[in-house]
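What follows is a single structure, written as structure tokens, with notes after it.
Derivation of every value follows stated rules applied to the coordinates shown; laboratory data play no part. Quick caveat, the model's predicted, so the values are computed rather than measured. With ideal geometry, Cβ positions are generated from the backbone for all residues, glycine too; neighbour counts draw on all protein chains shown.
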Amino acid sequence: DARVTQTPRHKVTEMGQEVTMRCQPILGHNTVFWYRQTMMQGLELLAYFRNRAPLDDSGMPKDRFSAEMPDATLATLKIQPSEPRDSAVYFCASGPSLNQPQHFGDGTRLSIL
Amino acid sequence: AQSVTQPDIHITVSEGASLELRCNYSYGATPYLFWYVQSPGQGLQLLLKYFSGDTLVQGIKGFEAEFKRSQSSFNLRKPSVHWSDAAEYFCAVGWRGNKLVFGAGTILRVKS
């Protein structure tokens, strides 16, 4: 079964450090989504891409977060500088189009000390 | 604005009992409808989807859902719950050309 791969699965770092999370979408999927999940806020959409072009990143704090797709097999989400409030599970999902089911990775559990 | 409501934050059912999780959406256009399940420490897994046609759809793990246009609902059901069904369930709705909107989730606890 094809699956979305996220790395790392866990990350613990100190505040102020740069964090980079990576996602390999399913081959052939042209939409990629980044979500953040916390107990307090639930599942939040941060940004999404279609054909590697960013469509919407309004869910992301612009001053410290950035999302890119350097190529069709890699999506990245960066936080610089990181803060304790960024601690969450970050999910990447990909899909064949905007309205089709999204396939989720297992997430990156991020802890900022 | 497009929105998805899952009225129940938590639901507890006994093993073997039937289950219904509610999902309602706003917005008049014909939607695409999905249910996902999330087990602890894992990502969301697609249970079932509705695009068109028969309004009762079957999914994996014995789940089904029924689309009721008049009620703007897409409730998830299972006739007999197993302890392994304990998880969080998300309803998601999409409209043509727009991203999916997820509900806040319902946490299912199963009593033995």
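Okay, here's what the table says:
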quantity: Label point distance in nm, residue B:15-residue B:71, each placed 7 Å from Cα along Cα→Cβ; calculated: 3.0 nm
quantity: Residues of region A:47-69 with amide N under 15 Å of the 7 Å Cα→Cβ point at residue A:22; calculated: A:68-69
quantity: Chain A: most fluctuating residue of A:51, A:99, A:30 per GNM, C-alpha cutoff 10 Å; calculated: A:99
quantity: Gaussian network model of chain A, Cα within-10 Å springs - most flexible of A:72, A:47, A:93; calculated: A:72
quantity: Charge tally in the Cβ shell below 12 Å around residue B:50, where Lys, Arg are +1 and Asp, Glu are -1, residue B:50 excluded; calculated: 0
quantity: Per residue Cα convex hull volume in Å³ - calculated over chain B; calculated: 98 Å³
quantity: Residue A:14-residue B:5 FRET efficiency (beta carbon distance; Förster radius 45 Å; 0.05 resolution); calculated: 0.70
quantity: Among the listed pairs B:49/B:99; A:11/A:62; B:68/B:111; A:11/B:99; A:78/B:49; B:49/B:78, those beyond 23 Å (Cα-Cα); calculated: B:68/B:111; A:11/B:99; A:78/B:49
quantity: Span from the region A:89-113 Cα centroid across to the region A:1-46 one, whole angstrom; calculated: 5 Å
quantity: Distance (nanometres) between label positions extended 7 Å along Cα→Cβ at residue A:68 and residue A:39; calculated: 3.5 nm
